[in-house]
1. Cut-off is 10 Å between beta-carbons; in what order do THR127, THR183, THR209 appear when sorted fewest neighbours first?
2. Roughly how many debye, to the nearest 20, is the charge dipole of the stretch 107-211 about its Cα centre, given +1 on each Lys and Arg Cβ, -1 on each Asp and Glu Cβ, and no other charges?
Amino acid sequence: MTFTQSKTSASDLKVRSLALMLVSSLALVACASTKTATPPIVETTAPGVAANSEAAPTIAPEASATSAPVASAPVPAVTVSGTTINAEAVRVQESQSPYASLAEAGERIFFLTDRFDLTDEARSILTRQAAWIKANPGKRVLIAGNCDERGTREYNLALGARRASAARDFLAGLGVDTDRMETVSYGKERPIDERPSAEGWAVNRNAQTMLLD
């Protein structure tokens, strides 16, 4: 081998080495640029949780404003107290009848022929009687059943008794003590209208409430 050939071989080795180093550098640069292309992970759950929170400021005041009057403790107490006051007012009203006397409240109720059931007008009069009797606890009453002149004595005595009992039972249903009431039947023995006509008979078919003491 000559000197010239040896020098050429050394130059070729140097070129190859430089080329290999260049290739290696390019490979490292390519790897580095590939790693930086990965996108970052963004946290997206936190904002959603905050928006749906029950403690959000826009919700709390509304709940407080609407629930306070409904859940207020004094409301039931006021209602109960009001009921007690009303019940007391009813008791006071019952003990203060607007009628000065039993006669003013109405002493007599009237019946249809051969009947002892109460008409609406009879119930209204008995309701006024009950108010007066309850307002005067020291008074006792006698309820007398009466009939018109037609029919037998026995029949009219029985019918008069049923009429007196119907009035007494209605008064008892309104709170009048039965110990303060007595009944009697006069049948057709005590007419208050002597006319032998439909008008006179209608007046005599009655039950009269009278004071005993």
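Taken together, the values in this text are just the output of simple stated rules run on the coordinates, not laboratory data. What you see is a predicted model; the values in this text were computed from it and never measured. Reconstructed Cβ throughout: ideal geometry from the backbone, glycine too, with neighbour counts over all protein chains shown.
1. Taking fewest neighbouring Cβ atoms as first place, the list is THR127, THR183, THR209.
2. 240
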